[in-house]
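Encoded as structure tokens, here's the structure I'll be asking about.
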Amino acid sequence: MHRTLRKYFGYDTFRPLQEDIIKDVIAGKDVFVLMPTGGGKSICYQLPALLMNGVTVVVSPLISLMKDQVDTLRANGVEAAYLNSTLSYKESNQIKQELENNIIKLLYVAPERLTLSSTLTLLDRIKVNLFAIDESHCISEWGHDFRPEYRKLSILKRKYPHIPIIALTATATPKVRKDTISQLHIEDCNTYVASFNRKNLLYQVRPKKETYEQIVEFLRKRKDKSGIIYCQSRKTVDELTGKLRKSGFNALPYHAGLSDAARSRNQDIFIKDDAEIIVATIAFGMGIDKPNVRFVIHYDLPRNLESYYQETGRGGRDGLECECILFFSRGDKYKIDYFIDQIAKSEEREAARLKLKEVMDYCQSTICRRKMLLRYFGEELQEENCGGCDVCLQPVKITDATEEAKLLIRCVKEVSQRYGITHVTEILTGSNSKKITEKGHHRLSSYGTGTYLPKDRWADIARELAHQGILRLEGSRYPLLKLDKDSEQVIAGKRTVEMIQLASSNDSLLALG
Ligand code: ADP
Ligand code: ZN
């Protein structure tokens, strides 16, 4: 094993778990591997393939990734090939020949191709020693990138009960893990779970205020460093890229609205370090293997923690530090809520709600960010202080907002729960707007009682109260502020209200750590 590792891969030692996994695979056991991106999953099936008779069939979801992997293997002297729609009739025939002649050691296919009857017939004629299912979480509907064509892989174990399966993934919550194993019918497999703690990633949540200024200041202090800025929409990507370029930064856009050519060009330029910054939607990233990403900024709230972990996971693959900053505003939550409301199936809608709530909890937590992220993957972080997140390095401030909550609740009552956040905060801050005077709301006793805080701060507090069940926002497009179960408790002085205050300082966590 060590000789093969050195000869074909050029490494002297195995990474944690690799050796045990490989031994199991060669012994013919079914194996499930959960390892973070960059952990070294490929060797777990590539090395056994070289030590066994016959061919290892690798299921991989992306045609572009397949080509890269096969090219690398071939460059190292491994007989590898892929079968997919980009090949000509002649080329695929040639590969089929080489398979039947027992030349090829590793065959890459997409799941939809593998389960075609013609491919299965081909498999019957050759000696398959192992099925390796990469990105195996795609088989589970509970995961965030379910792919229906993965479902068909269920037939493998039934059709070939004696061929072992190794399923690999970097993204599986305990629920997805269980589901993946049962969909593949490998209930008796040995499961290997590597730690998901990426010690070199520094996590920080900042308030989404004067965001552009914060980003520019951040970038100015990190000249020539590479990084990704994730945004929710194509429009934001284009706008932000434009602004950054005007400010003199070498930023490029990436989203599904660009042509394939433009997308791969921008990606290449970024990977080759000819542009420092890529501003992207979540379309960017799968299979990106750029070692020196030094920051990953989330301009908008991510939809779930799993995606957040994956997206930040693209940073620091060379093992050096990478700063991960999430700009948090409660307003973003309501935008995502609006999308969630459009989901037709009630089960999916509830699942999406729960995931969004986990993101909200992550952002507003006074618990170590790393701990929260790892907990999401069912892993308990032992250290009290992780030394690499804003909560541990610059403890968040808790402020008492009971008085503000009372003012807001009184105002909502005074207007009979018939107005939204904008109107209510205008009353509190004593606005002279036409809408206020027309309704005679400048004569309310709440009018002007909150002039000591700016309007957007009141809006922020109102949204936080809605999050805590003290007020409620009803309706999705123009939500109205309503009383909720705890409103009376607060007014009666039986419940206090606490809010966390994020530090917006631009101090580098690196410096603090
Ligand atoms: P994953 O598929 O889990 O994202 P890869 O298999 O692509 O990870 O491996 C990530 C990186 O780690 C690659 O550059 C790979 O060559 C390297 N790597 C894997 N195993 C070892 C090892 N035993 N020693 C050194 N580097 C390794
Ligand atoms: Zn921490």
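Across region 398-429, what is the total count of residues that are in contact (Cβ under 8 Å) with a residue 12 or more places away in the chain and part of a loop (DSSP other than H, G, I, E, B)?
7
Since Tyr334 meets every condition but one in (1) more than 16 Å from ligand 2 (Cβ to nearest atom); (2) at pLDDT below 90; (3) loosely packed, with under 14 Cβ neighbours inside 10 Å, which condition does it not meet?
Only one criterion is unmet by Tyr334, namely (3).
Does region 139-152 contain at least one residue that is surrounded by 18 or more Cβ atoms within 10 Å (Cβ to Cβ), touching a Pro at 6+ places or on another chain (Cβ under 9 Å) and within 19 Å of Ala49 (Cβ to Cβ)?
Checking region 139-152: not a single residue is surrounded by 18 or more Cβ atoms within 10 Å (Cβ to Cβ), touching a Pro at 6+ places or on another chain (Cβ under 9 Å) and within 19 Å of Ala49 (Cβ to Cβ).
Moving on to the next point. Among the residues in region 430-439, are any within 23 Å of Glu498 (Cβ to Cβ) and part of a helix (DSSP H, G or I)?
Checked against the condition, which is being within 23 Å of Glu498 (Cβ to Cβ) and part of a helix (DSSP H, G or I), region 430-439 yields no hits at all.
Tell me, which residue of region 490-513 that is surrounded by 15 or more Cβ atoms within 10 Å (Cβ to Cβ) and at pLDDT 90 or above is farthest from Arg222 (Cα to Cα)?
Ile491
Could you please find all residues in region 269-288 being out of contact with any strand residue (DSSP E or B) (no Cβ under 6 Å at 6 or more places or on another chain), over 16 Å from Pro61 (Cα atoms) and not hydrophobic (A, V, I, L, M, F, W, C)?
Lys272, Asp273, Asp274, Thr281
Given the condition touching a helix residue (DSSP H, G or I) at 6+ places or on another chain (Cβ under 9 Å), touching a residue at least 40 places away in the same chain (Cβ under 8 Å) and under 21 Å from Lys127 (Cα atoms), answer yes or no: does some residue in region 34-41 qualify?
Checking region 34-41: not a single residue is touching a helix residue (DSSP H, G or I) at 6+ places or on another chain (Cβ under 9 Å), touching a residue at least 40 places away in the same chain (Cβ under 8 Å) and under 21 Å from Lys127 (Cα atoms).
Kindly indicate whether any position in region 47-69 is away from ligand 1 (no atom under 14 Å from the Cβ), crowded, with 22+ Cβ neighbours inside 10 Å and assigned to a helix (DSSP H, G or I).
no
Provide a single number: the residues in region 339-371 that are exposed (fewer than 13 other Cβ atoms within 10 Å of the Cβ) and either without any contact (Cβ under 8 Å) to a residue 40 or more places away in the chain or within 21 Å of Tyr230 (Cα to Cα) (or both).
Here the count works out to 8.
Residues that are within 21 Å of Gly388 (Cβ to Cβ), within 16 Å of ligand 2 (Cβ to nearest atom) and touching a helix residue (DSSP H, G or I) at 6+ places or on another chain (Cβ under 6 Å): list the strands (runs of 3 or more DSSP E) wholly contained in region 190-280 that include at least 3 such residues.
By residue number, 201-207.
Here's something else I'd like to know. Do we have Asp134 as under 25 Å from Asp179 (Cα atoms) and either within 16 Å of ligand 1 (Cβ to nearest atom) or at pLDDT below 95 (or both) here?
yes
Of the residues Tyr376, Tyr419, which is more than 16 Å from ligand 1 (Cβ to nearest atom), at pLDDT below 90 and either under 22 Å from Arg472 (Cα atoms) or surrounded by 15 or more Cβ atoms within 10 Å (Cβ to Cβ) (or both)?
Tyr376
As an exercise: evaluate Phe284 against (1) in contact with a helix residue (DSSP H, G or I) (Cβ under 7 Å, 6 or more places away or on another chain); (2) touching a residue at least 40 places away in the same chain (Cβ under 8 Å) and give the number of the one condition it does not meet.
Going through (1) in contact with a helix residue (DSSP H, G or I) (Cβ under 7 Å, 6 or more places away or on another chain); (2) touching a residue at least 40 places away in the same chain (Cβ under 8 Å) one by one, Phe284 breaks only (1).
Moving to a separate point now. I'm checking my understanding of the structure. Among residues of region 350-371 that are at pLDDT 90 or above and within 9 Å of ligand 2 (Cβ to nearest atom), which one is farthest from the chain's Cα centre (by Cα)?
Looking at the filtered set, the residue picked out is Cys368.
Starting from region 382-394, keep only residues that are farther than 12 Å from Met372 by Cα and among the polar types (S, T, N, Q), then list their pairs with residues that are part of a loop (DSSP other than H, G, I, E, B) and more than 16 Å from ligand 1 (Cβ to nearest atom) whose Cβ atoms are within a distance under 9 Å, requiring at least 6 positions of separation or different chains.
Asn385/Cys368; Gln394/Ala503; Gln394/Ser505; Gln394/Asp507
Could you check, for region 88-96, whether at least one of its residues is more than 24 Å from Leu122 (Cβ to Cβ) and in a helix (DSSP H, G or I)?
Scanning region 88-96 turns up no residue that is more than 24 Å from Leu122 (Cβ to Cβ) and in a helix (DSSP H, G or I).
In addition: Here is a check on your reading of the model: is Asp24 among the acidic types (Asp, Glu), buried (at least 16 other Cβ atoms within 10 Å of the Cβ) and either within 16 Å of ligand 2 (Cβ to nearest atom) or over 24 Å from the mean Cα position of the chain (by Cα) (or both)?
For Asp24, the condition - among the acidic types (Asp, Glu), buried (at least 16 other Cβ atoms within 10 Å of the Cβ) and either within 16 Å of ligand 2 (Cβ to nearest atom) or over 24 Å from the mean Cα position of the chain (by Cα) (or both) - is met.
Could you grab me the full set of residues in region 387-409 that are small (Gly, Ala, Ser) and either within 16 Å of ligand 2 (Cβ to nearest atom) or farther than 23 Å from Gly430 by Cβ (or both)?
Within region 387-409, Gly387, Gly388 qualify.
Which residues, counting only those in region 1-33, are of a type in the set (Val, Ile, Thr) and either touching an Asp or Glu at 6+ places or on another chain (Cβ under 8 Å) or without any contact (Cβ under 8 Å) to a residue 12 or more places away in the chain (or both)?
Thr13, Val31
Considering every residue within region 108-115, establish whether at least one is under 30 Å from Phe146 (Cα atoms), surrounded by 21 or more Cβ atoms within 10 Å (Cβ to Cβ) and either without any contact (Cβ under 8 Å) to a residue 12 or more places away in the chain or within 10 Å of ligand 1 (Cβ to nearest atom) (or both).
no
The values are calculated or read from the model by the stated rules, or taken from the named source; none is laboratory data. Computed from a predicted model, the values in this text were never measured in an experiment. Cβ atoms come from the backbone with ideal geometry, glycine included; neighbour counts cover every protein chain shown.
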